[in-house]
Amino acid sequence: MSWLAALYHGRRVVWRMSGQLCRVRQDVENGHSGLKGPRGDGSGRCVTTQGPLRRLEKTGGMDAAAPAWQILEYRGRTGLEMLQADWQGLYAEMTLRTSFHAYDVQLAFVDHLMEAPDKLRCLALTDGQRVRAICLLETKVYRRLGLALRVWRLPHMPHSVVCDVLCPEDEARRELIPALVHHLLREPEGHRLFYLGPLPEDSRLWDGLRHLDHGRHCVDTAEGMHVVDCSKPLDELVPGLSKKSRTSLRKSRQKLDSLPGARFVTATSDTELGAEFETFLDLEASGWKGAQGSSIRLRPKCTDFFDALSRLHAAGDRCEINALYAEGRCIASELCVRTGSEYTALKIAYDESYSRVAPGLLLVSHTVERCCQDPGILRLNWVGASAWERRWHPDVVTLRRAYVGLGRWSGRPLIALLRFRLGPARHVARWLRRERDRLKRRRADLQSSR
């Protein structure tokens with residue numbers, strides 16, 4: 001027997017499918033069902049595939065205690081509605097969750113912001129007993145390497161740097177990537193890449209990459225995210241500010257105290273949130289964002305999405321709006337969401353005519369103080385890494401993203417090109433930009449000296 005045949009037969013002994021492939025296609029138009037049980041009611045299209053290959057012991061035996069991981073797929077908005085009960089159960093199990101994990105927020109994104117909601121893929125990972133994880137995928141065009149590539153990616157919510165799946169930090173999260181890739185390789189539908197993330201680098205989801213073919217995926221580091229440890233008392237955070245920042249904050253508070261009717265407001269009830277949300281939209285549109293046309297008020301679809309977000313009520317989580325009033329008007333407003341032990345500050349707006357008071361700085365300081373005084377809040381998330389946040393010396397959460405090639409023949413070459421583009425080519429491009437800027441400065445200095 002040749003070495004190639006021995007290798008082939010050896011792999012058959014070491015690896016074995018965890019179950020037989022079962023594929024059922026179901027169209028909404030004809031209402032026919034090929035599934036047994038509650039999922040096969042004819043209300044959506046479903047594709048079911050087995051989980052990824054499983055490594056066996058050297059004896060060749062199957063681990064009877066191991067879950068039979070399987071992917072169930074549902075399509076479009078109807079498919080998402082079919083997973084509502086499972087979604088809400090998983091959402092309640094997650095200890096570290098954001099507002100974008102909430103079912104109503106995902107539904108609002110599909111209704112108002114998703115470019116092709118009819119192509120939405122809802123992939124549910126089951127262990128043979130119940131749904132353990134849910135991953136939504138939308139189709140996008142990814143422009144890299146001078147090419148326009150169709151990719152599957154997690155929905156990217158506005159004003160969020162993290163794109164996550166719905167799954168607690170347990171064994172199911174580690175098994176999700178191999179199962180998703182195994183399913184997408186069988187059903188790529190003309191898409192060349194699977195784009196995953198950005199996600200924190202310590203997420204268990206990345207453990208699944210170790211089970212993939214190294215030649216079919218690559219990993220890249222994304223922009224970080226600033227968070228504040230609110231388990232510390234405020235007295236430990238304020239001294240960490242620079243002397244200049246503490247002086248600026250003290251002077252701004254003195255100027256605010258001189259204004260009549262200065263007060264902070266936190267809206268939590270539905271009635272209060274409705275009024276404060278409209279005030280926030282008007283305040284944001286009155287500044288430079290309104291002049292550039294990037295405010296929420298000037299984008300109707302984005303307005304509808306954030307309106308749904310402001311009415312969030314799921315597992316005790318809710319939206320809150322912190323506002324600063326003076327002289328009978330709102331001079332700063334911040335849209336926030338409380339989910340579990342995390343407090344997320346999504347957007348802030350302020351009245352530019354009161355810039356001498358620094359209302360934005362005062363409102364951020366008030367939010368930090370509230371979070372530190374609330375024992376139920378452990379972390380304040382600023383959803384980004386802006387320069388103004390660094391004065392608080394926040395912790396930086398490193399984010400990662402991954403690319404998985406789905407093409408049968410193009411997968412490996414495409415990943416190899418991406419590795420070059422994200423590695424050596426990126427370093428060369430950054431070096432060229434630095435040299436260009438240095439030459440520009442040198443030329444400017446020579447001209448000014450003449």
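Throughout, read-outs are computed from the coordinates displayed, never taken from laboratory work. The structure displayed is predicted, hence computed values, not measured ones. With ideal geometry, Cβ positions are generated from the backbone for all residues, glycine too; neighbour counts draw on all protein chains shown.
Observations on the model:
- Ranked packing of 122-130, 271-279, 191-199, most packed first, by mean Cβ within 10 Å: 191-199, 122-130, 271-279
- Over every Cα atom in the range 231-377, the radius of gyration and the widest Cα-Cα span, Dmax, amount to 15.7, 43 Å.
- Length added when fully stretched, Lys119-Ala85, from 0.36 nm per residue minus Cα-Cα: 10.1 nm
- Alpha-carbon centroid distance for the pair the range 425-450 / the range 273-300, whole angstrom: 39
- Across the range 406-422, rounded Karplus estimates of 3J(HN,Hα) from the backbone phi angles (6.51 cos²θ - 1.76 cosθ + 1.60, θ = phi - 60°) give 9, x, 5, 9, 8, x, 5, x, 5, 5, 4, 5, 5, 4, 5, 5, 8 Hz, Gly and Pro being marked x.
- Packing, as the average of other Cβ atoms within 10 Å across residues, places the peptides 364-372, 418-426 in the order 364-372, 418-426, highest first.
- For peptides 77-89, 380-392, 321-333, sequence by mean Cβ density within 10 Å, most packed first: 321-333, 77-89, 380-392
- Here the Karplus curve 6.51 cos²θ - 1.76 cosθ + 1.60, taken at θ = phi - 60°, turns the phi angles of the range 67-72 into couplings of x, 8, 5, 8, 9, 10 Hz, with x standing for Gly and Pro.
- Counting lysine pairs in the range 219-358 whose alpha carbons fall under 26 angstrom apart, excluding pairs fewer than 8 residues apart on the same chain, gives 14.
- Per-residue 3J(HN,Hα) values for the range 95-103, derived from phi via the Karplus relation 6.51 cos²θ - 1.76 cosθ + 1.60 with θ = phi - 60°, read 7, 10, 9, 10, 5, 6, 7, 5, 4 Hz in sequence order (x marks Gly and Pro).
- Reachable aspartates and glutamates, given that their alpha-carbon falls under 18 Å from the alpha-carbon of Lys119 and they are not under 8 places away in the same chain: Asp27, Glu29, Glu73, Glu81, Asp111, Glu138, Glu187, Glu189
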